[in-house]
1. Could you provide, to the nearest whole Å², the per residue accessible area of the range 8-81 with probe 1.4 Å?
2. Are there trypsin sites (Lys or Arg not before Pro) in the range 2-69 that DSSP puts in a loop and that have at most 12 other Cβ atoms within 10 Å, and which ones?
3. Can you work out the accessible area per residue across the range 154-225, with the rest of the protein chains kept in place, probe 1.4 Å, in square angstrom?
4. Nearest 20 debye, what's the magnitude of the dipole of the range 154-225 about its Cα centre given +1 on Lys and Arg Cβ and -1 on Asp and Glu Cβ?
5. Under a 5 Å amide H to amide H cut-off, with H placed in plane at 1.01 Å, what residues pair with GLN154 once short-range neighbours are removed?
6. From the protein chains alone at 1.4 Å, what is the descending order of accessible area for THR73, THR31, largest first?
7. Would you kindly find the accessible area of LYS212, with a 1.4 Å probe and non-protein molecules such as ligands, DNA and RNA excluded, rounding to the nearest 10 Å²?
8. Which Cα, out of ASN206, VAL219, HIS184, lies furthest along the positive dipole direction of the range 154-225 (beta carbon charges, K/R +1, D/E -1)?
Amino acid sequence: MLTRKIKLWDINAHITCRLCNGYLIDATTVTECLHTFCRSCLVKYLEENNTCPTCRIVIHQSHPLQYIGHDRTMQDIVYKLVPGLQEAEMKKQREFYHKLGMEVPGDIKGETCSAKQHLDSHRNGETKTDESSNKEASEEKQEEDNDYHRSDEQVSICLECNSSKLRGLKRKWIRCSAQATVLHLKKFIAKKLNLSSFNELDILCNEEILGKDHTLKFVVVTRWRFKVKAQRSTWR
């Protein structure tokens with residue numbers, strides 16, 4: 001079987017952001033034309049514009065942010081193609097949270113702790129046999145299986161109803177992954193209220209309707225600006 005090596009330089013145009021000319025970070029795609037950019041670059045651009053930075057097609061006249069979505073596949077490709085990019089980005093995130101005096105998210109903190117424990121064991125001259133290592137791995141795997149919450153960043157949300165046609169939730173406070181989307185919230189509310197469809201629900205934050213593909217982390221960063229620890233949302 002013949003194989004051909006491709007230089008990273010040859011594909012840079014497909015994995016870089018047209019706005020910052022850097023490799024895609026938190027890749028976000030415009031649903032209208034499928035052009036992809038860094039999420040922070042695109043959000044900043046759409047604060048003053050409503051067209052795609054590449055093809056200039058109108059995304060939406062008044063709410064362009066509702067028509068962009070996280071492109072997980074593209075981001076995974078970028079991280080696999082560019083050596084050290086993911087590690088460098090996670091380091092920047094840790095420094096960012098420390099600078100704000102905030103707790104480091106679970107996924108980043110977990111990796112930091114694991115690395116620290118690994119270094120400490122070597123510094124103390126500790127060595128582990130294959131049997132003990134396999135036993136610890138098995139115990140950790142069992143512990144993960146019993147934990148129904150992911151180890152990534154968590155957010156607390158208050159879901160309140162501002163419609164007279166719908167009843168509110170008995171338990172309006174929920175805690176979930178920051179990677180959950182507004183669409184997940186819609187489905188959750190529809191199931192709790194025994195609604196036939198979730199498509200008629202609108203999720204609002206600060207009186208602004210949120211796009212269904214927005215992650216909760218994106219909502220916190222763009223709508224809440226880290227001013228409070230909990231996010232308050234309403235639906236109608």
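The values are calculated or read from the model by the stated rules, or taken from the named source; none is laboratory data. Source: prediction; values computed, not measured. Note: ideal-geometry Cβ built from the backbone for every residue, glycine included; neighbour counts use all protein chains shown. Just so you know, the surface numbers come from the protein's heavy atoms only, side chains and all, with ligands and any DNA or RNA stripped out. Shrake-Rupley method; radii C 1.70, N 1.55, O 1.52, S 1.80 Å.
1. 57
2. Qualifying residues, ordered by number: ARG4, LYS5, LYS7, ARG56.
3. The answer is 57 Å² per residue.
4. My answer is approximately 400 debye.
5. The list, which skips near neighbours in sequence, is GLY106, ALA178.
6. Of THR73, THR31, the descending order of accessible area is THR73, THR31.
7. Here the residue's solvent-accessible area equals roughly 100 Å².
8. Result: HIS184, furthest along the dipole toward the positive end.
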